[in-house]
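First comes the structure, then the notes that go with it.
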Amino acid sequence: MTRGLWLVLLVLAGITAPGLWAPAQAALTLCNRTSYILYATTSAIQSPRSETQGWARIAPGDCNLTRKEPLTAETYLVHARSSLAHSGPARAWGGNYPVCVKDANFATRQDVAQSYCTTDDTFALPFAPLDNRGRSVWTMNFDEKPAMNKTQAQLAGVKRLLQDNGYKIARINGAPDKTTGAALADFRKKMRFTPTDGNVELFNALEREARKTIAPAGYTVCNDSREAMLVALAQRDGGKPVSRGWWMVHPGVCAKTITNSLASDAVYLLAQRKSGASIVTGPQRFCITAAAFEIQGAGNCKARGLAEEGFALTQTKGLNGYVARISVFGLVTK
């Protein structure tokens, strides 16, 4: 199913192509010149089919070889989104071409003419075309404004993640300062880094620790169990109840079910195993169906030919973002 019917698209930013630069064996290399940890996905179109794969993690200042095969397809598309470890609204680098993706690592194929996502664990995101100028080897940058080089992006990325971990950082930029130096030294000490631990270990730890405490804007569901689950949400939009589903959330994966900042006092959550057995449920009743749905109103479900299930209350009053963690035993309370 596609979630594009009710989810607000992420903020779009710039993509630039610096030109041909890559090791001889590489084909498409994506470089991150932003202050965010990015997860990127690419799509190769060779009519009548397209092949899409993701997600490639790229730390600030780093590059990632995302496609090893020569770039011989008719068209290539690319999309990247910021890590859930970052506070504030999610960021995305893309364009206007909808392509079906999954939250977990994936490789999918679909018809180019297909205008919707066919499975319940896929949804559409807006991709941008890649102009590789007909070359079989290409490198592209994801950029911010003002533009930064590799070293500046690394430092800005460290600053942003330190801020996400609760440190007071005055400005997110590529310039060194004493406050950042002191915060970084404190974080390395807390993580018990060795003198040989470098940027790889640093960015891994910064992202991991931030994800433990940060609630990114919107509503995120994390599956801490060992089996896939189906998730549905319900809210009162303008005082009127509405229920939506289903999102497929794979084991160990976090799915962004509401991408814009929360504006309601409560979000109601239902999670089920593929068998239909409920993992998370509650006393508040809403209408559902077995297939993908968006249902206005919570009354007279049976009379309308709909099923009815109990949803669990999650309090979101005054919150910009909320993360619901689900284990094999149900909703993990904070």
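The values are calculated or read from the model by the stated rules, or taken from the named source; none is laboratory data. Just so we're clear, the structure is a prediction, and the values are computed from it rather than from any experiment. Please note: Cβ atoms are built from the backbone with ideal geometry, for glycine as well, and neighbour counts cover all protein chains shown.
Here are some notes:
The rows are residues; the columns are (1) assigned by TED's automatic domain parsing to the domain that holds LYS256; (2) part of a strand (DSSP E or B); (3) within 22 Å of SER264 (Cβ to Cβ).
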site	(1), (2), (3)
ALA290	yes, no, no
ILE295	yes, yes, yes
ASN300	yes, no, no
GLU308	yes, yes, yes
THR314	yes, yes, yes
GLY318	yes, no, yes
TYR322	yes, yes, yes
ARG325	yes, yes, yes
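- Residue count, region 25-39 (criterion: closer than 21 Å to ARG135 by Cα and of a type in the set (A, V, I, L, M)): 4
- For CYS117, the criteria (1) surrounded by 20 or more Cβ atoms within 10 Å (Cβ to Cβ); (2) within 27 Å of SER35 (Cα to Cα) hold in every case but one, which is (2).
- Only one of the listed residues (SER243, SER278, SER261) is within 25 Å of VAL101 (Cα to Cα), small (Gly, Ala, Ser) and out of contact with any Phe, Trp or Tyr (no Cβ under 7 Å at 6 or more places or on another chain). That residue is SER261.
- Just one of the listed residues (ARG226, ARG171, ARG188, ARG160) is of a type outside the set (Phe, Trp, Tyr) and under 30 Å from SER264 (Cα atoms), namely ARG160.
- Lone unmet requirement of (1) on the phi > 0 side of the Ramachandran plot; (2) surrounded by fewer than 19 Cβ atoms within 10 Å (Cβ to Cβ); (3) in contact with a strand residue (DSSP E or B) (Cβ under 8 Å, 6 or more places away or on another chain) for GLU74: (1)
- Residue satisfying condition, being in contact with an Asp or Glu (Cβ under 9 Å, 6 or more places away or on another chain) and either within 23 Å of CYS31 (Cα to Cα) or basic (Lys, Arg) (or both), within set LEU161, LEU125, LEU155: LEU161
- Enumeration of residues in region 61-115 that are among the hydrophobic types (A, V, I, L, M, F, W, C), in a strand (DSSP E or B) and within 21 Å of MET148 (Cα to Cα): CYS63, LEU65, VAL78, ALA80, ALA92, TRP93
- Any hit, region 258-267, residues being β-branched (Val, Ile, Thr) and either over 30 Å from LEU161 (Cβ atoms) or free of Cβ contacts under 8 Å to residues at least 12 places away in the same chain (or both): no
- Scan of region 68-123 for residues that are at pLDDT below 85 and farther than 30 Å from LEU162 by Cα, ordered by number: VAL112, ALA113, GLN114, SER115, TYR116, CYS117, THR118, THR119, ASP120, ASP121, THR122, PHE123
- Residue count for region 186-197, restricted to those that are assigned to a helix (DSSP H, G or I) and surrounded by fewer than 10 Cβ atoms within 10 Å (Cβ to Cβ): 1
- Residue ID - farthest from the chain's Cα centre (by Cα), chosen from residues in region 282-319 that are surrounded by fewer than 16 Cβ atoms within 10 Å (Cβ to Cβ) and polar (S, T, N, Q): ASN300
- Listed by first and then second residue, the pairs with beta-carbon distance under 6 Å, at least 6 apart or on different chains, first residue in region 127-145 and under 16 Å from SER82 (Cβ atoms), second buried (at least 17 other Cβ atoms within 10 Å of the Cβ) and among the basic types (Lys, Arg), are ASN141/ARG33; ASP143/ARG33.
- Taking first residues from region 206-221 that are under 13 Å from ASP164 (Cα atoms) and touching a residue at least 24 places away in the same chain (Cβ under 8 Å) and partners that are acidic (Asp, Glu) and part of a helix (DSSP H, G or I), the Cβ contacts under 8 Å between residues at least 6 apart in sequence or on separate chains come to LEU206/ASP164; ALA210/ASP164; ILE214/ASP164.
- Any hit, region 148-158, residues being touching a strand residue (DSSP E or B) at 6+ places or on another chain (Cβ under 6 Å), on the phi < 0 side of the Ramachandran plot, at pLDDT 90 or above and of a type in the set (A, V, I, L, M, F, W, C): yes
- Positions within region 153-172 being in contact with a Lys or Arg (Cβ under 8 Å, 6 or more places away or on another chain) and surrounded by 16 or more Cβ atoms within 10 Å (Cβ to Cβ), in sequence order: ALA153, LYS159, ILE169, ILE172
- Residue that is at pLDDT below 90 and among the polar types (S, T, N, Q), where the choices are SER225, SER243: SER225
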